[in-house]
Amino acid sequence: MAQTLIIGAGVSGAALAWQLSRRGEGVTIVSTHPEGGLASAASFGWLNASFYLSVPHFRLRHEGLAAHRRLAHALPGLATHWPGCLWYEATGTALDETAADLSGLGYLVERLTQAQITQRMPALGPIPDTALFFPEEGVADPAQLARALIMGSGAQVVRARVLAVTHDTGKVTGILTDLGPMVADRVILAAGTGTPELLAPLGQPLPMLKRPGLMLATNPLPPICPVILATPEQEVRQDAAGRLHAPASAGHQGDHAETLGSFPVVINATLTRLRKLFPGQEIRFARHAMALRPVPSDGLPVVGRGPVEGLWIAVMHSGATLAPVVAELLAADIAGEGESPLLADFRPERFQ
Ligand SMILES: Cc1cc2nc3c(=O)[nH]c(=O)nc-3n(C[C@H](O)[C@H](O)[C@H](O)COP(=O)(O)OP(=O)(O)OC[C@H]3O[C@@H](n4cnc5c(N)ncnc54)[C@H](O)[C@@H]3O)c2cc1C
């Protein structure tokens, strides 16, 4: 039986551990943050295919929603749920084009009138003339999902920093950590923003963008936001405890900012937008989370074989959406069950 080391305990590494352990593989996870990752612990957790950069990207994301449903079936008790998304980030002809493009790709898209929006969202202050509703979209808690997947996999977890991947005559032999060396015949790098520096000594470039993200959570409120709400200025969702969760940047998945700005300014601006969306509510700051998003330079996932035999890579933005499907497909590839065409556009070689 192959001995596999997965570097990273976020949702990407955890989903891979689960998929490989289901095939009877012995898996050990090595991670600096074994409690559910870094970006995974700060994520908005919106599961969607309405944000996409190319048709293959849409197809992978769409299959990602199905993979989440399969996971929720296999692991009862996950926080994952499917409220759908009310979307008017674009308006006018841009909204019409979004509806036409997504419908053309086979995505479920409903067109709502102002009266229908009011009916669904009575607490919403400014009501747009029209909006799209994406009923297939959902919400996960990626850190909770990661912990459940690791527990379900039975993987051993080692808290350590990986310093290097070791290899001999073109084949992986293990890793070097700050606790010492570990031997393995397979290593999977699912270390998010920590991956490029482990690949660089092996001659494999993995250019990443600098994309810090900040999430804000409010005090518990009465039920005012039954859907994922995506407006031109603000995305927001409400959890079961009544807290609003809001990224500090509008259109946060495609956010291009390299810095966050002054903390009090960013928090107050987000609270102001939330109070405008839901007038009359006592909306207060409760807590925040910050992390760098692992965004490869073309915005697309990087999934497949590494530069030496036995080394594999799984790094992605929108990993809340993508990690379960990427893990399903990559685990099948690793286990010799065949390469999925869904991953063909996302191979690491494109950066060579
Ligand atoms: C604010 C914010 C909002 C987001 N919103 C969404 C969203 O709405 N929808 C969506 O789909 N995606 C969203 N994302 C993106 C998504 O959360 C990430 O793509 C996903 O969590 C990445 O998971 P990961 O496991 O690859 O990385 P991470 O969760 O970052 O985990 C990386 C792991 O690698 C470990 N590691 C790194 N380097 C080393 C090393 N040298 N040695 C040992 N361990 C190491 C870390 O300890 C960590 O456990 C958001 C991200 C952020 C930050």
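General remarks:
- For first residues located in segment 284-295 and in contact (Cβ under 8 Å) with a residue 40 or more places away in the chain and assigned to a strand (DSSP E or B), partners that are more than 8 Å from the ligand (Cβ to nearest atom) and of a type in the set (S, T, N, Q) and lie 6+ apart or on another chain with Cβ distances below 6 Å form the pairs A286/T218; A286/N219.
- Whichever residue in segment 184-210 is outside any helix (DSSP H, G or I) and near the ligand (Cβ under 8 Å from one of its atoms) and, among such residues, is surrounded by the fewest Cβ atoms within 10 Å (Cβ to Cβ): A191
- Within segment 211-235, the set of residues being outside any loop (DSSP other than H, G, I, E, B), within 14 Å of the ligand (Cβ to nearest atom) and over 16 Å from the mean Cα position of the chain (by Cα) comprises L216, A217, L229, A230.
- Output for segment 130-166, where each listed residue is among the small types (G, A, S), in contact with a helix residue (DSSP H, G or I) (Cβ under 9 Å, 6 or more places away or on another chain) and surrounded by 16 or more Cβ atoms within 10 Å (Cβ to Cβ): A131, G138, A140, A143, A146, A148, G152, S153, A155
- Meets criteria (over 23 Å from L47 (Cα atoms) and in the same structural domain as P226 (by TED's automatic domain parsing)) for T118: yes
- Here R237 passes the criteria (1) more than 23 Å from P294 (Cα to Cα); (2) at pLDDT 95 or above except the one numbered (1).
- Only listed residue being closer than 26 Å to P232 by Cα, touching a Phe, Trp or Tyr at 6+ places or on another chain (Cβ under 9 Å) and of a type in the set (A, V, I, L, M, F, W, C), chosen from A289, A257, A246, A331: A246
- Pairs where the first residue, in segment 29-45, is touching a residue at least 60 places away in the same chain (Cβ under 8 Å) and more than 22 Å from Q238 (Cα to Cα) and the second is among the charged types (D, E, K, R) and within 6 Å of the ligand (Cβ to nearest atom), C-beta under 9 Å, 6+ apart: V30/R161; S31/R161; T32/R161
- Filter result for L86 (of a type in the set (A, V, I, L, M, F, W, C) and free of Cβ contacts under 8 Å to residues at least 60 places away in the same chain): no
- Any hit, segment 253-267, residues being without any contact (Cβ under 8 Å) to a residue 60 or more places away in the chain, within 12 Å of the ligand (Cβ to nearest atom) and of a type in the set (S, T, Y): no
- Residue count for segment 167-183, restricted to those that are touching a residue at least 24 places away in the same chain (Cβ under 8 Å) and within 14 Å of the ligand (Cβ to nearest atom): 4
- In segment 312-330 there is at least one residue matching the filter, namely being in a strand (DSSP E or B) and over 27 Å from G138 (Cα atoms).
- Segment 20-57: number of residues that are near the ligand (Cβ under 6 Å from one of its atoms) and in contact with a strand residue (DSSP E or B) (Cβ under 6 Å, 6 or more places away or on another chain): 7
- For beta carbons closer than 8 Å, sequence separation of 6+ or different chains, a first residue in segment 106-121 that is within 28 Å of R59 (Cα to Cα) and a second that is among the hydroxyl-bearing types (S, T, Y) and part of a strand (DSSP E or B), the qualifying pairs are R111/T130; L112/T130.
- Exactly one residue out of R22, R61, R70 is among the basic types (K, R) and within 19 Å of G104 (Cβ to Cβ), and it is R61.
The values are calculated or read from the model by the stated rules, or taken from the named source; none is laboratory data. Values in this document were obtained by computation on a predicted structure and should not be read as measured data. Backbone-built Cβ (ideal geometry, glycine too); neighbour counts: all protein chains shown.
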